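Peer 1: Mind looking over this structure? Questions follow.
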Amino acid sequence: MKKYRWLLLSFMMIAIIGVGFASCNDDDDEDSKVLVGQWQECESDGVLRDDAKDYEVAHLVLRSDGTGDYWSMTKGKKDRGACSFDYSYTLKGTSGRFTMTLTATDGYYDEDEIGETESVGFTLIDGIFLLGEIYYKKVSSAN
């Protein structure tokens, strides 16, 4: 009888440990995709800035493959200064570090800037992404 109790206890411990590891893995997957999507500049309270009326509204697209795009709009027209980049980030709690490497531009930046890497701190609280000094709100989860 003792043999069966130990066997049952062993199976229960393995099941509990397996569920614990599976939960951690799901959290890691969520953290690695939390920034993926399309972001638009907003006010600190999350109200989106209006592309058609406001001056220089920033946009970001962050894809799950670690690539992204940036552009801005002024009163309904796309500004010069659009660029593409590779990115990575670390997130602990509500703050982290965002690192990007410029890969292409629309000609606004100097060609020697391609390949340069920049790193900036960010926070992500209640769906508001503060990257450097600009607030963004996710407008689409598509990547």
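Peer 1: For the residue pair residue 63 and residue 108, what label-to-label distance in nm results when each label sits 7 Å from Cα along the Cα-to-beta-carbon direction?
Peer 2: 2.0
Peer 1: Take the cross-link list 33/78; 53/77; 53/78; 33/53 and give me the ones stretching past 20 Å between alpha-carbons.
Peer 2: Over 20 Å apart, Cα to Cα: 33/78; 33/53.
Peer 1: Length gain on complete extension for the stretch residue 86 to residue 52, per 0.36 nm per residue less the alpha carbon to alpha carbon distance?
Peer 2: Fully extending the segment from residue 86 to residue 52 adds 9.4 nm.
We did not get these values from a lab; they are worked out from the coordinates using the rules stated. The shown structure was predicted, so the numbers you read here are calculated from the model rather than taken from an experiment. Using ideal geometry, Cβ is built from the backbone for each residue, glycine included, and neighbour counts are taken over all protein chains shown.
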